């Protein structure tokens with residue numbers, strides 16, 4: 001960075017900080033406008049019996065692919081219907097009756113991630129009521145463990161619950177701290193760009209006047 005630009009930024013540090021604080025305030029407002037949601041998380045282990053002639057690495061990769069497929073199926077409307085019909089105490093009124101809106105709400109309610117190199121599938125459910133989040137994640141685990149054959153091909157696949165649902169003590173969504181930091185730094189970069197543009201504009205005007 002040229003020395004004159006660095007000097008401009010140093011002289012206008014208050015303006016940059018003001019931009020950052022403005023971004024911080026806006027991030028806070030946006031964060032608290034959204035409903036605070038708790039999380040309940042469970043872990044499942046995918047097991048496949050493919051014989052003794054297959055090496056451990058190949059077996060592990062196969063289980064990982066099955067877990068990845070299941071992590072995608074969880075977001076489908078068919079799986080959602082099975083979760084709702086699983087007999088758990090889930091408030092169905094929290095989901096819109098319209099199919100498109102219901103699918104969007106479901107995708108925001110659950111998340112599924114796969115641990116690389118293994119058949120570990122982590123399921124999380126998010127809700128304003130932590131008890132509802134736990135009921136949802138228990139229902140998802142129940143459907144996967146009892147009806148996995150409907151979602152996989154090849155057979156000999158089992159799903160075991162290895163970590164019972166763990167509930168968060170505090171809301172996890174939105175991530176207020178991450179939003180604040182992002183808002184502050186992004187707005188700070190905007191402030192830097194503003195200062196540099198203004199300085200360059202004044203510099204050109206000054207050169208024009210003295211020509």
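Points to keep in mind about this one:
- Whole-number percent relative contact order across the chain, with pairs defined as alpha carbons under 8 Å at least 6 apart: 40
- Label-to-label distance, nm, for residues given as residue 113 and residue 167 (7 Å Cα→Cβ offset): 2.2
- Theoretical ellipticity at 222 nm over the chain - DSSP helices of four or more residues, -39500 (n - 2.57) apiece, nearest 500: -19000 deg cm²/dmol
- Ordering of 156-163, 186-193 by packing is 186-193, 156-163, highest average first (other Cβ atoms within 10 Å, averaged per residue).
- Residues in the stretch 152-171 reached by a label modelled at residue 131 [backbone nitrogen below 20 Å; 7 Å Cα→Cβ]: 165-171
- Between 0 and 90°, nearest 10: helix 99-109 axis offset from the chain longest Cα axis: 80
- The chain: angle of helix 176-209 to the longest principal axis, Cα-based, in degrees nearest 10: 30
- Principal-axis tilt of helix 13-33 within the chain, Cα atoms, nearest 10 degrees: 30
- Sorted by Cβ density within 10 Å, fewest first, the residues 36, 26: 36, 26
- Centroid-to-centroid, using Cα positions, the stretch 128-171 and the stretch 61-102 are 10 Å apart.
Laboratory data are not the source of any read-out in this text; all were calculated from the coordinates shown. What you see is a predicted model; the values in this text were computed from it and never measured. So basically every Cβ, Gly included, is an ideal-geometry build from the backbone, and we count neighbours across all protein chains shown.
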